[in-house]
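Enquirer: My questions all concern the structure below.
The values are calculated or read from the model by the stated rules, or taken from the named source; none is laboratory data. Quick caveat: nothing in here was measured; it's all calculated off a predicted structure. Every residue, glycine among them, receives a Cβ derived from its backbone with ideal geometry; neighbour counts consider all protein chains shown. Accessible surface is based on the protein model in full, side chains and every heavy atom, while ligands, DNA and RNA are left aside. Shrake-Rupley method; radii C 1.70, N 1.55, O 1.52, S 1.80 Å.
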Amino acid sequence: MMLMKRAVFLDRDGVINKDLLTTKRLKIFPNAGRAVKMLNGLGFVVVVVTNQPQIAKGIQRESDIRKINKEIAQRLRKDGARIDAVYYCPHHPEKRTDIPDWARKYRIKCRCRKPDTGMLLKAKKKFDIDFSSSYLIGDRTVDIKCGKNIGCTTILVKTGHAGEDGKYDVKPDYICADIFEAAKFITAEEKADKNIKAIILAGGRGERLRPLTDKLPKPLIPINGKPVLWHQMMLLKKYGIRDIVICGHYLFDKIKKYFGNGKKFGVNITYVFEKEPLGTGGAIKNAERLIKNTSIVIYGDEMIEMDISRLLRFHKTKSGLATIVAHKTDHPEDSDLVEINKGGLVTGFFPKGSEKKGLKISKSSVYAIEPAAFKFIEDKCDFDRTVLPKLINKKAAFGYLTDEYIKDMGTFERYEQVRKRFGKTGTNGKTNKAARHTDDL
Ligand SMILES: [Mg+2]
Ligand SMILES: [Zn+2]
């Protein structure tokens, strides 16, 4: 996985400056420079994406637009702010003849006009941007729709049209008074995320994967040449989570030897050893002293491809003690099922083999938990069977329903499926490679 950049996409008119259709002179909002500077400081690529249909309407030439864009960038620079790129769409899809000849060529259906995503994709080509951890700030529903189309977090500002253009029926993720408040909000989000740790439960014996797991702990099982635990770390790192607590017992030294303090991999690892297996709940409890904030809990034998930021946002908005990631299952008979109400509250948990009332939502082994949840956890227990029911009773467990990829590799069959998905080549002969990999460790 490559280290992609994160961006903040800014609409221009109504966000950075007063709408130029209503004021003839360029008026930049007073705190816009400070706001952009803050975003620069957080390490974001700052990209302006603006629809400029006046060109297609014959009111302004492209050269005029470029001049204004340059002027804006220069004025922001005086405040120490940097715009990394500006993209504009000069088009309009409507065919018209009552316009100057030179403007007619702009009367086309294009992919760059928001809410379409052409301009953002161009930026991705240049900067290698990860959209899911990026933001888009705009003043119209067309901006918000565009951000949703590409999968950014969207912020509507109450300047400019303030979202009252009524063109699209979309809800922004957040609403801020202006670009400066939006930058402050993003700063707060970044800080909050930095304090978030991950707890990886790496203790299982892996009975069903013997003999592979006789010498190799499950978290070191290779997928495409790297341990599954490595893939998890890279995913966490992508979402800004660098503090990782690994709890384990079985062949724990091999895990320690491979990852060390994590520096080599760009993360900080703390190991919590269990003298005896404590169960999933007990393992989490064992890490209590290290956890002061929200944390993400995952099992060390799962391949995961999910948007951790989105999960954390859901978790924060629900204000429960735990959020359980859940998905639709086509084999409810041998799954741990949960019942989730319309508000996202988990109202029931039905472990494998219990009466299930036709439910088809199963829980995964990814959680977000609050430190306050620790008091419901005993020193030695299974999290799902003993802690979860208590949290459900307290109306403190929420269910995050998603179809993102989460697959445990507890059996050879499932391991094979994961390898098929992530391996470069076919699967035959890979078992041998895995065995060789075992010896390397
Ligand atoms: Mg605008
Ligand atoms: Zn266009």
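Enquirer: Can you tell me which of LYS78, LYS148, LYS124 is of a type outside the set (Phe, Trp, Tyr) and more than 27 Å from ILE241 (Cβ to Cβ)?
Expert: Result of the check over LYS78, LYS148, LYS124: LYS78.
Enquirer: Among (1) of a type in the set (Ser, Thr, Tyr); (2) surrounded by fewer than 18 Cβ atoms within 10 Å (Cβ to Cβ); (3) modelled with pLDDT of 95 or more, there is one condition THR50 misses while meeting the rest; what is its number?
Expert: (2)
Enquirer: Restricting to the stretch 91-113, and then to whatever is within 16 Å of ligand 2 (Cβ to nearest atom) and assigned to a helix (DSSP H, G or I), can you tell me which residue is nearest to ARG25 (Cα to Cα)?
Expert: Filtering the stretch 91-113 for residues that are within 16 Å of ligand 2 (Cβ to nearest atom) and assigned to a helix (DSSP H, G or I), the one nearest to ARG25 (Cα to Cα) comes out as ALA103.
Enquirer: Specify which of the listed residues (GLY281, GLY353) is over 30 Å from ALA188 (Cα atoms), among the small types (Gly, Ala, Ser) and modelled with pLDDT of 90 or more.
Expert: Checking each option against the conditions leaves just GLY281.
Enquirer: Pairs needed: first member in the stretch 347-367, in contact (Cβ under 8 Å) with a residue 12 or more places away in the chain; second member anywhere, among the basic types (Lys, Arg); C-beta distance under 8 Å; at least 6 residues apart or different chains.
Expert: So the pair list comes out as PHE349/LYS363; PHE350/LYS356; PHE350/LYS357; PRO351/ARG385; LYS360/LYS328; ILE361/LYS328; SER362/LYS328.
Enquirer: Please go through the stretch 116-138 and give me each residue that is away from ligand 2 (no atom under 16 Å from the Cβ), part of a helix (DSSP H, G or I) and either crowded, with 22+ Cβ neighbours inside 10 Å or among the hydroxyl-bearing types (Ser, Thr, Tyr) (or both), ordered by number.
Expert: PHE131, SER132, SER133
Enquirer: While we're looking at this one, here's another question. Whether any residue in the stretch 254-265 is in the same structural domain as GLY203 (by TED's automatic domain parsing) and buried (at least 22 other Cβ atoms within 10 Å of the Cβ) is what I want to check.
Expert: Yes.
Enquirer: Hey, another quick one. Pairs only if they're at least six apart or on different chains, beta carbon under 8 angstrom, first in the stretch 201-226 and open to solvent by 30 Å² or more (accessible area, probe 1.4 Å), second hydrophobic (A, V, I, L, M, F, W, C); list them, first residue then second.
Expert: Taking only residues 6 or more apart or on different chains, the pairs are ARG208/PHE412; LYS215/LEU251; LYS215/LEU441; LYS218/ALA202; LYS218/LEU209; LYS218/VAL228; LYS218/MET409; ASN224/PHE422.
Enquirer: Among the residues of the stretch 33-82 satisfying the criterion of being assigned to a loop (DSSP other than H, G, I, E, B) and either basic (Lys, Arg) or not assigned by TED's automatic domain parsing to the domain that holds ILE179 (or both), which is nearest to the chain's Cα centre (by Cα)?
Expert: ARG82
Enquirer: Same structure again: Is it the case, given these coordinates, that LYS356 is more than 19 Å from THR294 (Cα to Cα) and either surrounded by 15 or more Cβ atoms within 10 Å (Cβ to Cβ) or of a type in the set (Ser, Thr, Tyr) (or both)?
Expert: The answer is yes for LYS356.
Enquirer: Among (1) more than 12 Å from ligand 1 (Cβ to nearest atom); (2) farther than 30 Å from GLY225 by Cα, where does LYS5 come up short?
Expert: In the conditions (1) more than 12 Å from ligand 1 (Cβ to nearest atom); (2) farther than 30 Å from GLY225 by Cα, LYS5 misses (2) alone.
Enquirer: A follow-up question, please. Of the conditions (1) of a type outside the set (Gly, Ala, Ser); (2) farther than 30 Å from MET306 by Cα; (3) more than 16 Å from ligand 1 (Cβ to nearest atom), PRO90 clears all except one; give me its number.
Expert: The single condition PRO90 does not satisfy is (3).
Enquirer: Does TYR88 fit the bill of being under 24 Å from VAL36 (Cβ atoms), open to solvent by 20 Å² or more (accessible area, probe 1.4 Å) and within 16 Å of ligand 2 (Cβ to nearest atom)?
Expert: Yes.
Enquirer: What number of residues within the stretch 143-161 are open to solvent by 10 Å² or more (accessible area, probe 1.4 Å) and either of a type in the set (D, E, K, R) or within 10 Å of ligand 1 (Cβ to nearest atom) (or both)?
Expert: Residues in the stretch 143-161 being open to solvent by 10 Å² or more (accessible area, probe 1.4 Å) and either of a type in the set (D, E, K, R) or within 10 Å of ligand 1 (Cβ to nearest atom) (or both): 6 in total.
Enquirer: I need a count of the residues in the stretch 7-26 that are in contact (Cβ under 8 Å) with a residue 60 or more places away in the chain and part of a loop (DSSP other than H, G, I, E, B).
Expert: 7
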